[in-house]
Amino acid sequence: MAHTDNHRRAAGNAWSALLRVHAQLVPRIDADLRKSTGLPLAWYDVLLELDGIPPLRMTDLGERVVLSRTRVSRLVTELETAGLVTREANPDDGRSAFVAITAAGSTRLREAAPRYHAGIEERFAGKLEPDELQALTRTLSKILGPTDIS
């Protein structure tokens, strides 16, 4: 399918808007969360992915939070030092490890959740109508695939 100049321009504009929204909102939500709960957004994201599930392999955690292996390893070390996660060697593969949330990590996640959700509402969802949020989810699902958006 050949794309017209209008399509290319619209695609560029949509991509640019997506990047700008991400670049503006993530640091603001992170700052709100840090200020009110002391929990960085990256920590919250890791704890959220680990909450209520069996321990994850580090590589699987990295895919879920979309961070580099080095960054995930550093975050897990920080979270482990804070007592919010545990890391155990994989008995079947000495090169990998499993990560699990601790009771303290679940508590911190629950305590921070209202501020996290309030930040999303204040800075993102509150600016859109319910039908716009649904349309945005459908649109992004076309790119990511429906199983990647819950």
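The values are calculated or read from the model by the stated rules, or taken from the named source; none is laboratory data. Bear in mind that the values here come from a model prediction, so they are computed numbers and not experimental data. Glycine also receives a Cβ, built like all others from the backbone with ideal geometry; neighbour counts cover every protein chain displayed.
Among the residues here, I143 does not qualify as surrounded by fewer than 12 Cβ atoms within 10 Å (Cβ to Cβ), without any contact (Cβ under 8 Å) to a residue 12 or more places away in the chain, farther than 30 Å from A17 by Cα and among the β-branched types (V, I, T).
Rundown of residues vs (1) surrounded by fewer than 16 Cβ atoms within 10 Å (Cβ to Cβ); (2) in contact with a Phe, Trp or Tyr (Cβ under 6 Å, 6 or more places away or on another chain); (3) at pLDDT 95 or above; (4) under 23 Å from P91 (Cα atoms), yes/no style:
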residue	(1), (2), (3), (4)
R20	yes, no, yes, no
A31	yes, no, yes, no
W43	no, no, yes, no
D51	yes, no, yes, yes
L56	no, no, no, yes
T59	yes, no, no, yes
G62	no, no, no, yes
S68	yes, no, no, no
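A quick yes/no check of all residues on (1) more than 18 Å from the chain's Cα centre (by Cα); (2) under 29 Å from K35 (Cβ atoms):
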residue: L79; (1), (2): no, yes
residue: T86; (1), (2): yes, yes
residue: F98; (1), (2): yes, no
residue: A104; (1), (2): yes, yes
residue: T107; (1), (2): yes, yes
residue: E121; (1), (2): no, yes
residue: Q134; (1), (2): yes, no
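Could you please let me know if V76 is surrounded by 17 or more Cβ atoms within 10 Å (Cβ to Cβ), within 23 Å of D30 (Cα to Cα) and touching a Leu at 6+ places or on another chain (Cβ under 6 Å)? Taking the combined requirement at face value, the residue does not satisfy it. Among the residues of the range 49-85, those that are without any contact (Cβ under 8 Å) to a residue 24 or more places away in the chain, farther than 22 Å from L144 by Cβ and not in a loop (DSSP other than H, G, I, E, B) comprise T70, S73, R74, T77, E80, T81.
Checked against (1) closer than 20 Å to Y116 by Cα; (2) of a type in the set (A, V, I, L, M); (3) not in a helix (DSSP H, G or I), L33 passes all but condition (3). Kindly indicate whether I120 is β-branched (V, I, T), part of a helix (DSSP H, G or I) and exposed (fewer than 11 other Cβ atoms within 10 Å of the Cβ). When the stated conditions are applied, I120 does not pass them. Suppose the filter is within 21 Å of L140 (Cβ to Cβ) and free of Cβ contacts under 8 Å to residues at least 40 places away in the same chain; does A17 pass it? Spelling it out, A17 is indeed within 21 Å of L140 (Cβ to Cβ) and free of Cβ contacts under 8 Å to residues at least 40 places away in the same chain.
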